[in-house]
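For reference, the structure is listed below as structure tokens.
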Amino acid sequence: MGTKVRPKPRNLSQKLRQIRVDLGLSQLQMIRRLGFEDALHPGRISEYESSMREPSLLILLAYARLAGVHLEQIVDDELDLPSRLPGRVTYLRS
């Protein structure tokens, strides 16, 4: 029995870095803006941006909300991020 490798988006790490850079945030600022300062260390952002680790769905959702984009735009290799961030997607919160 071989181990099955789950498919991963090829461009995810690049898109996550693009979001942070386009928003003008350091890795530490990114964690704070995502709302995970108590759960993540700044090195984790570097791991996401270098494809060493893949963020959880909740962290990806936080990226999407912060960037003002649809989650699909982050995880779908067929879609690009907008040329200007934050984008125009508005998330309603209850």
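The values are calculated or read from the model by the stated rules, or taken from the named source; none is laboratory data. None of these values were measured; they are calculated from a predicted model. Glycine also receives a Cβ, built like all others from the backbone with ideal geometry; neighbour counts cover every protein chain displayed. For accessibility, only protein heavy atoms count, side chains too; no ligands or nucleic acids. Shrake-Rupley method; radii C 1.70, N 1.55, O 1.52, S 1.80 Å.
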Q: Give ILE74, ILE45 a once-over and let me know the one that is touching a residue at least 24 places away in the same chain (Cβ under 8 Å) and within 14 Å of ASN11 (Cα to Cα).
A: ILE74
**Q.** Residues within the stretch 64-94 that are out of contact with any helix residue (DSSP H, G or I) (no Cβ under 6 Å at 6 or more places or on another chain), of a type outside the set (Lys, Arg) and outside any loop (DSSP other than H, G, I, E, B), tallied
**A.** 3
Q) Out of all the residues in the stretch 32-53, which are over 11 Å from the mean Cα position of the chain (by Cα), open to solvent by less than 40 Å² (accessible area, probe 1.4 Å) and within 17 Å of ARG65 (Cα to Cα)? A) none
Q.
Just checking, does the stretch 2-23 include any residue being open to solvent by less than 60 Å² (accessible area, probe 1.4 Å), of a type in the set (A, V, I, L, M, F, W, C) and part of a loop (DSSP other than H, G, I, E, B)?
A. yes
